[in-house]
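J.: Before I ask anything, let me first share the structure, which is written out below as structure tokens.
The values are calculated or read from the model by the stated rules, or taken from the named source; none is laboratory data. This one's a predicted model, so the numbers in the text were calculated from it and none came from an experiment. Heads up, the Cβs are rebuilt from the backbone with ideal geometry, glycines too, and the neighbour counts pull from every protein chain shown. To get the accessible areas, we keep the full protein, side chains included, count just its heavy atoms, and leave off ligands, DNA and RNA. Shrake-Rupley method; radii C 1.70, N 1.55, O 1.52, S 1.80 Å.
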Amino acid sequence: MLSLIVVAMVTVAAGFVVWANDKRHAKYGISVPAGVAASVGMLSWIIFMAAGFGYQPGLTWIPWILPLILGTAAAIAAAVYLGRTRTRHDTARLTAILKL
């Protein structure tokens with residue numbers, strides 16, 4: 001259970017770091033990358049523990065490290081996707097307004 005708490009705290013922190021480093025972070029909320037990272041990290045921890053990786057000698061690092069990596073990667077992917085998509089949609093709406 002301690003590893004789940006560590007995964008939750010580190011992935012949320014990684015999500016905030018991803019948000020802070022994104023140049024288009026004004027296009028989406030601060031909690032989006034943190035929430036995505038925490039969700040993916042905790043869900044992958046549950047899957048890895050259910051698969052029995054937490055109790056196999058030599059494989060106990062998987063529920064500790066892999067969810068952190070997966071959560072951070074998911075936060076980066078969400079920030080890139082949302083930033084580009086929202087920027088494109090906002091530009092299209094502003095162009096449509098200016099054409100009036």
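J.: Using a probe radius of 1.4 Å on heavy atoms only, what accessible surface per residue do you get for the chain? Whole Å² is fine.
T.: 64
J.: Could you calculate the contour length gain from Lys23 to Trp61, that is, 0.36 nm times the residue separation minus the distance between their Cα atoms, to one decimal place in nm?
T.: 10.3 nm
J.: Over the chain, what percent of the accessible surface lies on carbon and sulfur atoms, probe 1.4 Å?
T.: Exposed carbon and sulfur together represent 73 percent of the surface.
J.: Which angle between 0 and 90 degrees, to the nearest 10, do you get for helix 31-50 versus the longest principal axis of the chain when only C-alpha atoms count?
T.: 30
J.: Still on this model: In deg cm²/dmol, rounded to 500, what helix-only [θ] at 222 nm does the chain give when every DSSP H run of at least 4 residues adds -39500 (n - 2.57) and the total is split over its residues?
T.: -28000 deg cm²/dmol
J.: Report the one residue of Val6, Thr95, Thr72 whose Cα lies farthest in the direction of the positive end of the charge dipole of the chain (charges on C-beta: Lys and Arg +1, Asp and Glu -1; origin at the Cα centre).
T.: Farthest towards the positive end: Thr95.
J.: Here is a further query. Please list the radius of gyration and Dmax for the chain, considering alpha-carbon atoms only, with Å as the unit.
T.: 17.4, 67
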